[in-house]
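**Student:** Sending over a structure as structure tokens; questions will come in a sec.
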Amino acid sequence: MTSPGRSTARRKPPHVLANAPFRKLWTAMSVCSLGDWLNLLALTALAGNLTAGEDYRTQSLAVGGVFVMKLLPAIVLAPLAGAFADRFDRRLTMFVADLSRFTLVLSIPLLDANYQWLIIATFLVECVNLFWVPAKDATVPNLVPKERLEAANQLSLLVTYGTAPVAALLFAMLSVAGEGLGSLIPYFAERDTHLALFVNALAYLISAFLIFTLRDIPRSNVAGVAAPSVPRQIAEGWQFVRGDRLVRGLIIGMLGAFAAGGAVIGVAKIYVQQGLGGGDAAYGVVFGAVFAGMASGMFFGTRLLRGLSRRRLFGLSIIVAGPVLAAIALIHNLAIVVLLTVLLGACAGIAWIIGYTMIGLEVEDQLRGRTFSFLQSLARVTLLAVVAAAPMLAGLYGSRDVTISGEPVYRFDGSNLVMLIGALLAVGVGLLSLRHMDDRKGVPIIADLIAAVRGEQPEAEHAEASRGVFIAFEGGEGSGKTTQSRLLAIWLRDQGYDVVQTREPGSTKVGMRLRAILLDAVHQGLSARSEALLYAADRAEHVEKVILPALYRGAMVISDRYVDSSLAYQGAGRSLEQEDVARINAWATGGLVPDLTVLIDTPPSIGLTRLGGAADRIESEPMEFHERVRREFRALAAAAPDRYLVVDGTLEQEAVSRLIQDRVHEILPDPVPREAEDITGTMPAIRD
Ligand SMILES: Nc1ncnc2c1ncn2[C@@H]1O[C@H](COP(=O)(O)OP(=O)(O)OP(=O)(O)O)[C@@H](O)[C@H]1O
Ligand SMILES: Cc1cn([C@H]2C[C@H](O)[C@@H](COP(=O)(O)O)O2)c(=O)[nH]c1=O
């Protein structure tokens, strides 16, 4: 038996944080992010406290005003700030921005600011942030080699969001400490949020110092292209998104989740204060619970439900957020609300990570940046609209007591109402995106969920066929499927496996005739539905006559194309309803799903030029057709990453083979079947 062709170990490049200038910038980023979150908490809490004596409506609007001021500059001034970052000395921009933020934040406690100054200072701090962030983003590539850029960006993202729960905890602690300090230093008495604001200002000062000492940032910069305005980004992004059903479903889901989250953020301070009777510390804990939940959802959620289709998990997590939010709205108990908030955050975390990953994989390289900025711009606008509207709505509704025999037994106020509306929105949006994206139509979602919770594979008619291993190769024309399936079969046979190498269409007697009908260029004008049915008919024959018998006897089956080809070519390519194509194929195959699908992802512009001879009926389709096919393949892989290996088909053949072997190696059974070992075990000992 030959040993498997593992890739030779390469020397690991040093961790991106080993790079001293980047480490310094990253430390400044971390301190600033912590300051930013602390700022949000302290200012919304202060707005609530400054209007504590006022009626419910005034208080709601006061807190809402802070959120509006925090989001408004990003929408109005972002392109200007981006252009500034490209034209001026970035180090100086960041240093001056840090000092300005320090002064503005410090002015609030020092001047014992009233609400008007609080709002003005909030707006100005956010304007300054708009200059700091693009200058920082533009600096990272100056400090980090190209191959470590992705790792550097991941670390930036980690501190941007990872500091939120830390800031929430710090805020809760500073609020308690501020109260204690009040009895020692009279200044802090009745000024609960001031200590947090001092710490917030200090964070900006520390960042200013770090940036000042960071000499590696180039002084002059090449003038870049200014970022397009938010409305333009939205209009451009929509052009692409509206044509893609999956991305549309993802964006609807993510924006709905944002809107529901915005509703909670907008009323959180008032809800904790009025509904739960909590102070600033409780507000900090509830705020932190959202982020702790998000982090655990991103990390554990997708791992726990590994077997569930990603598309289903995405929709389900948004739907489940609805009842959780409704429970938060109605149960007036701080401990229970904190636990439910962690669960709510987990749902949001699952949806966010799946959505982001799927968009990243689904969207073409050259469109990805635009799609993300479209999503971000729309998310900002949605958040601004909801965060501004939520407290207003809460204020308009006011607060009402539910009475029994004249006795007040329950208080239902505007924040409860807003959260209930948010809950309904989450359920509606979750259902809508599930409708857009479900890839297992006809399979009951509850059964799927139970199977996933138990760690089982989704149910199929041919569960008993699982003695063998079924590997499918997918990809566009000339991507390298035939080459790689042949090489894999040789590699496996070398190791003693019983291998059946097959293909679609045309691996049975009937199938060969169907292949001729399907691919012969004389059959132009074949209707899309007939085409889909003919491919499904070939597949039904293939599964019954070739694949299942081989799997039953424990063989490794390698098929060049399977169901995904129909979803990509007939579904996306011919624009048939995806769920119809999925349904006829689920019926044709009895639900047999490959253990692993290897997608060889090759741009059609390259794959088509690799083919020799006259183009067949499908190869001669226009380039947009093949682009749609490629996108769908990638989306299918993104929806169930555990069951797919996506390989870059433009790599050298040997490199592609090695990646495939590495992945297949993980699912290989013992080449000698257990029964054979049992038999060997009972053989009489060989004597001379
Ligand atoms: N990684 C690669 N780099 C360059 N050329 C390749 C690579 N893989 C395969 N080829 C070549 O591209 C051509 C098409 O390969 P192959 O037949 O394996 O593709 P395919 O995906 O099966 O195509 P189709 O589905 O259209 O039959 C062959 O000439 C093959 O030698
Ligand atoms: C299985 C399957 C295939 N097709 C298309 C894709 C290709 O153009 C041909 C098969 O040719 P190959 O050289 O053997 O790859 O058929 C399809 O449209 N739908 C399917 O389900």
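**Student:** What is the Cα centroid distance between region 128-202 and region 95-126, reported in whole angstrom?
**Tutor:** 15
**Student:** What are the extents of the Cα atoms of region 292-349 along their three principal axes, listed from largest to smallest and rounded to whole Å?
**Tutor:** 36, 19, 12
**Student:** Based on the inverse mean of 1/r over its pairs of different Cα atoms, what is the Kirkwood hydrodynamic radius of the chain, in Å?
**Tutor:** 28.3
**Student:** Sticking with this structure for a sec: Over region 455-579, what percent of the accessible surface lies on carbon and sulfur atoms, probe 1.4 Å?
**Tutor:** 53
**Student:** Enter the accessible area per residue of the chain (Å², integer; probe 1.4 Å; all protein chains in place).
**Tutor:** That works out to 46 Å² for each residue.
**Student:** Run the simple label-point estimate for Ala151 and Thr27 please: 7 Å along Cα→C-beta, distance reported in nm.
**Tutor:** 1.9
**Student:** Along the positive direction of the dipole of region 465-680 (beta-carbon charges: Lys, Arg +1; Asp, Glu -1; about the Cα centre), which of Leu526, Trp491, Leu576 reaches farthest?
**Tutor:** Toward the positive end, the furthest listed residue is Leu526.
**Student:** Taking the Cα centre of each part, how many Å lie between region 530-582 and region 290-357?
**Tutor:** 35
**Student:** Determine how large the accessible area of Ser527 is when every protein chain is in place; take a 1.4 Å probe and give Å² rounded to the nearest 10.
**Tutor:** 60
**Student:** Of Val76, Gly288, Gly48, which is farthest on the positive side of the dipole of the chain, counting Cα position, with +1 on Lys and Arg Cβ, -1 on Asp and Glu Cβ, and the Cα centre as origin?
**Tutor:** Farthest towards the positive end: Val76.
**Student:** Looking at the chain, how many pairs of lysines come closer than 21 Å at the Cα, when each pair is eight or more places apart or spans two chains?
**Tutor:** Lysine pairs meeting both conditions in the chain amount to 7.
**Student:** Based solely on its DSSP helices, what 222 nm [θ] is calculated for the chain when runs of n ≥ 4 H residues each add -39,500 (n - 2.57) and the sum is averaged over all residues, nearest 500 deg cm²/dmol?
**Tutor:** -22000 deg cm²/dmol
**Student:** Run the numbers on the chain and let me know its relative contact order in percent, using alpha-carbon pairs under 8 Å that are six or more apart.
**Tutor:** Computed over the chain, the figure is 16 percent.
**Student:** Which percent of Cα-Cα pairs in region 465-680 sits in each 10 Å bin, short to long?
**Tutor:** 8, 34, 38, 16, 3, 1
**Student:** For region 59-208, what is the Kirkwood estimate of the hydrodynamic radius, computed as the reciprocal of the mean inverse distance between distinct Cα atoms, to one decimal in Å?
**Tutor:** 17.1
The values are calculated or read from the model by the stated rules, or taken from the named source; none is laboratory data. A quick note: this is a predicted structure, and the numbers were derived from the prediction, not measured. All Cβ positions, glycine included, derive from the backbone under ideal geometry; neighbour counts span all protein chains shown. The area values use the complete protein model at the heavy-atom level, side chains included, leaving out ligands, DNA and RNA. Shrake-Rupley method; radii C 1.70, N 1.55, O 1.52, S 1.80 Å.
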